[in-house]
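Here the structure comes first, spelled out in structure tokens, and everything after it is commentary.
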Amino acid sequence: MKKVLIIGGGFAGCAASHLINRDLKNYEVTLVEKSVYLGAGNKTQYYGGHPYTFGPRHFLTQDREVYEYLNALVPIRLCPEHEFITYVSSDSNFYNFPINEDDIPSMPDKENIYKELKSLNDVSSALNFEEYWIASVGKTLYGKFVNDYNKKMWLIDCNSEFDTFKWSPKGIALKKGPRAAWDVAISGYPYDKRGYDPYFEIATENTKVLLNTDIEVFDIPSKRVFFDGDWHSFDLIINTISPSVIFENVFGELPFIGRDLLKFVLPSEFVFPKNVYFIYFAGQEPFTRLVEYKKFTHHKSQHSLIGMEIPSLNGSHYPLPMKKWQAVADKYHKLQPDGVFSIGRAGSYRYEVDIDDCIRQAMDLVKAIS
Ligand SMILES: Cc1cc2nc3c(=O)[nH]c(=O)nc-3n(C[C@H](O)[C@H](O)[C@H](O)COP(=O)(O)OP(=O)(O)OC[C@H]3O[C@@H](n4cnc5c(N)ncnc54)[C@H](O)[C@@H]3O)c2cc1C
């Protein structure tokens, strides 16, 4: 029997656990999770009887195989009609997000915007995030939708500090055509009242799961870790936490941005417009997004639970999308001996790794191991 250690029981760790047990023979899997539950921020919690997760945790993918895999285990209710909107306080208006060409006619400075769109610079010569976005949509649209949002999201003063351009929602700067923001992707959420929780249970059925367990010392070169008063050795280690942590920060600690989540119930069956599940706030408000959970969960109530995300330093949720930190993460990845792998959002140290990407990375890894 080969012994496998999975560090962290979020989506990436649980997907790796499930796929090893399903697809490989003669592997014995141990998953160590420091929290008292699996799933991390994707676990369903309750407030006033309303189910919620830490932030929206909407399942969104263009990867059909990943969708079919998850849907077979926790059937997904599709919501292709789902639209995102952004509040732009300078215009006192809500617009579609990604920025949609159809909204420009209703903007007070439309002439200026059209003029800027006609004389855009070449995006390929952009050296930083700000230049990239101004070259993609012009200064005015950048000012309305991106400038303040990005600064508050990453707790930074200046967007030119950023030299990678991936920004939520993935890869679209100025959208033409349908307003349903994800007309090219599969968009949904589990039908189950407990959201993704049944997945975490199924995925770890044949795994030894150690909850509430903190690894005290990592000796990754020797593929062993110290917890519960003993050293434990493994043939394979699949890491899903910050690569700097498993190497005791030898090249310095990788930084992350955190989040606070405020929850409040409003006395209305629904609060947001029909097809809107969450709303971005692109100005100086201290929060980034509001989510109306029952749009996803279909929870029945005369009231509605809203979640408000406030960027903070609480928690390690968002790896910084800057080349200098990604280079440090890559240095850590190169320290990994044969048989040690890092996947997931923190493990890869890539902000753009969402739920679907965690599953894809686990699928690719288990194929590579077999
Ligand atoms: C607020 C918010 C909203 C989001 N919304 C969406 C969305 O709508 N759609 C989408 O696709 N993605 C969304 N994401 C991203 C997506 O949820 C994550 O990419 C994904 O859940 C990451 O899974 P993971 O397994 O890589 O990491 P995590 O979920 O962070 O899991 C890592 C696990 O490791 C554990 N751990 C940490 N340190 C140790 C240690 N020393 N020893 C043992 N265990 C440890 C943690 O407790 C945690 O359970 C959102 C993220 C956030 C923060």
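A compact table of results
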{"read-out": "Top-ranked residue in the range 313-325 [being under 13 Å from P255 (Cβ atoms) and more than 16 Å from the ligand (Cβ to nearest atom); ranked as surrounded by the fewest Cβ atoms within 10 Å (Cβ to Cβ)]", "value": "K324"}
{"read-out": "Residue match in the range 278-294 (condition: free of Cβ contacts under 8 Å to residues at least 12 places away in the same chain and either within 13 Å of the ligand (Cβ to nearest atom) or not small (G, A, S) (or both))", "value": "no"}
{"read-out": "The lone exception for A12 - which of (1) touching a Phe, Trp or Tyr at 6+ places or on another chain (Cβ under 6 Å); (2) within 14 Å of the ligand (Cβ to nearest atom) it fails", "value": "(1)"}
{"read-out": "Test: residue in the range 109-117 that is touching a strand residue (DSSP E or B) at 6+ places or on another chain (Cβ under 6 Å) and modelled with pLDDT of 95 or more", "value": "no"}
{"read-out": "Selection status of E309, within 10 Å of the ligand (Cβ to nearest atom) and surrounded by fewer than 17 Cβ atoms within 10 Å (Cβ to Cβ)", "value": "no"}
{"read-out": "W154 surrounded by fewer than 20 Cβ atoms within 10 Å (Cβ to Cβ) and either β-branched (V, I, T) or closer than 27 Å to S316 by Cβ (or both)", "value": "yes"}
{"read-out": "F272 at negative phi, at pLDDT 95 or above, of a type outside the set (D, E, K, R) and assigned by TED's automatic domain parsing to the domain that holds Q336", "value": "no"}
{"read-out": "Considering residues of the range 237-279 that are over 30 Å from K334 (Cβ atoms) and among the β-branched types (V, I, T) only, the residue surrounded by the fewest Cβ atoms within 10 Å (Cβ to Cβ)", "value": "V265"}
{"read-out": "Among the residues listed as D357, D330, the single one being part of a helix (DSSP H, G or I), acidic (D, E) and within 16 Å of the ligand (Cβ to nearest atom)", "value": "D357"}
{"read-out": "Answer residue from the range 333-354, given it is part of a loop (DSSP other than H, G, I, E, B) and either aliphatic (A, V, I, L, M) or within 15 Å of the ligand (Cβ to nearest atom) (or both) and is surrounded by the fewest Cβ atoms within 10 Å (Cβ to Cβ) among those", "value": "E352"}
{"read-out": "In the range 228-271, residue farthest from the ligand (Cβ to nearest atom) [restricted to those that are more than 24 Å from the chain's Cα centre (by Cα) and of a type in the set (S, T, N, Q)]", "value": "S268"}
{"read-out": "Strands (runs of 3 or more DSSP E) enclosed by the range 21-130 - at least 3 residues per element that are at negative phi and more than 14 Å from the ligand (Cβ to nearest atom)", "value": "27-32, 83-88, 93-97"}
{"read-out": "Filter pass, R77 being basic (K, R) and closer than 30 Å to H303 by Cα", "value": "yes"}
{"read-out": "Filter result (farther than 14 Å from I220 by Cα and of a type in the set (G, A, S)) within the range 326-346", "value": "A327, A329, G344, A346"}
{"read-out": "Hits in the range 207-227 - residues which are in a loop (DSSP other than H, G, I, E, B) and more than 12 Å from the ligand (Cβ to nearest atom)", "value": "T207, K223"}
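The values are calculated or read from the model by the stated rules, or taken from the named source; none is laboratory data. These numbers were taken from a predicted model, which means no experiment stands behind them. No Cβ is skipped: glycine too gets one built from the backbone with ideal geometry, and neighbour counts run over all protein chains shown.
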